[in-house]
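A short worksheet on the structure shown next.
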Amino acid sequence: FENIGWTAAMQFLARWLTEYSLSIDNLFVIALIFTYFKVPAKYQHRVLFYGILGALFFRALFISLGSVLMQYHWIVIVFGAFLIATGIKILFLPEKPLEPERNPLIRLVKRFVPVWPKIEGDRFWVRHEGVLFATPLFVALVFIEFSDIIFAIDSVPAIFALPNEPMIVFTSNIFAILGLRAMYFV
């Protein structure tokens, strides 16, 4: 800590702790996704590995965009209003039963890519009679990426609420995501 200074170290620690605590709900969503798609435990590591790579890419993109947007102070009000509106919506709307087969994301994937009905080892793609099919592992990966994007919509503005230094924001985000993966398997 002496080389980078106490202030930067404390900023990093505060951002990492904030991001880590905001990412805890990802664990439950990932577990639900794996349960719904019946992903065996021995293949979850592979799906989560690529999910983490995608999360790192999207977080880098969102943090870069956020560092540009946060130069305009009015954008903080827009993000705050969005988060308050979604919180109120979740609080007062009745809970709907889960119907994953009617989910727009699954329908979109099935529209563009034929999906093989069962898991074929640890493969994301399988070729059958000359046709390339996505396996349920690939659809689970798409779901994990999409859920991370949704979580990043509230996570990235929250992390910029602390004093903003894009490099500290990015590195604390990376460490939180990598720690989240380890925590899932624990």
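The values are calculated or read from the model by the stated rules, or taken from the named source; none is laboratory data. Just so you know, these numbers come straight off a predicted model, no measurement behind them. No Cβ is skipped: glycine too gets one built from the backbone with ideal geometry, and neighbour counts run over all protein chains shown. Protein only, heavy atoms only, side chains kept; ligands, DNA and RNA dropped before computing areas. Shrake-Rupley method; radii C 1.70, N 1.55, O 1.52, S 1.80 Å.
Per residue, what accessible area does the chain have, given a 1.4 Å probe and all protein chains present, in Å²? Write down the numbers at each step before the final one.
Numbers: 11820 Å² over 186 residues.
Here the per-residue accessible area is 64 Å².
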What distance in nm separates the simple spin-label points at HIS45 and TYR72, each placed 7 Å from Cα in the Cβ direction?
-> 4.6 nm
Cut-off under 5 Å, modelled amide H: who pairs with PHE133 long-range | VAL126, ARG127, HIS128
For the chain, modelled as a Gaussian network with Cα springs under 10 Å, which listed residue fluctuates most, GLU129, GLU165, GLU120?
-> GLU129
Rounded to whole Å, √(5λ) for the Cα gyration tensor eigenvalues of region 58-151, largest first, gives 35, 20, 9
Describe numerically, in nm with one decimal, the distance between label points set 7 Å from Cα along Cα→Cβ at ALA14 and at ILE88.
-> 2.9 nm
For LYS118, counting only lysines whose alpha-carbon sits under 30 Å away and dropping same-chain residues fewer than eight positions off, the answer is LYS38, LYS42, LYS96, LYS110
In region 64-157, which chymotrypsin sites (Phe, Trp or Tyr not before Pro) fall in coil by DSSP and have 14 or fewer other Cβ atoms within 10 Å?
-> TYR72
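Based solely on its DSSP helices, what 222 nm [θ] is calculated for the chain when runs of n ≥ 4 H residues each add -39,500 (n - 2.57) and the sum is averaged over all residues, nearest 500 deg cm²/dmol?
When only DSSP H runs of four or more count, the value is -25000 deg cm²/dmol.
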If you project the alpha carbons of region 18-61 onto their three principal axes, what span does each projection cover, largest first, in Å?
-> 30, 19, 13
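Quick check on region 1-79: take the gyration tensor over C-alpha atoms, sort the square-rooted eigenvalues as a ≥ b ≥ c, and tell me if it's rounded (a/c under 1.5), prolate or oblate.
Values: a/c = 2.49, a/b = 1.67, b/c = 1.49.
Note, shape of region 1-79 comes out prolate.
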Where the Cα pairs of the chain fall when distances are cut into 10 Å bins, in % = 8, 31, 32, 21, 7, 1, 0
Go through ILE88, TYR184, ILE33 and say which Cα lies farthest out towards the positive end of the charge dipole of the chain; charges sit on Cβ, +1 for Lys and Arg, -1 for Asp and Glu.
-> ILE33
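Which order do you get for MET183, MET70, MET10, MET167 if you rank them by accessible area with a 1.4 Å probe, largest at the top? Write down the numbers at each step before the final one.
Details: MET183 65, MET70 25, MET10 95, MET167 120 Å².
Accessible-area ranking of MET183, MET70, MET10, MET167, largest first: MET167, MET10, MET183, MET70.
Over the chain, with every protein chain in place, what whole percent of the accessible area is carbon and sulfur at 1.4 Å, could you tell me?
Working: 8280 of 11820 Å².
Exposed carbon and sulfur together represent 70 percent of the surface.
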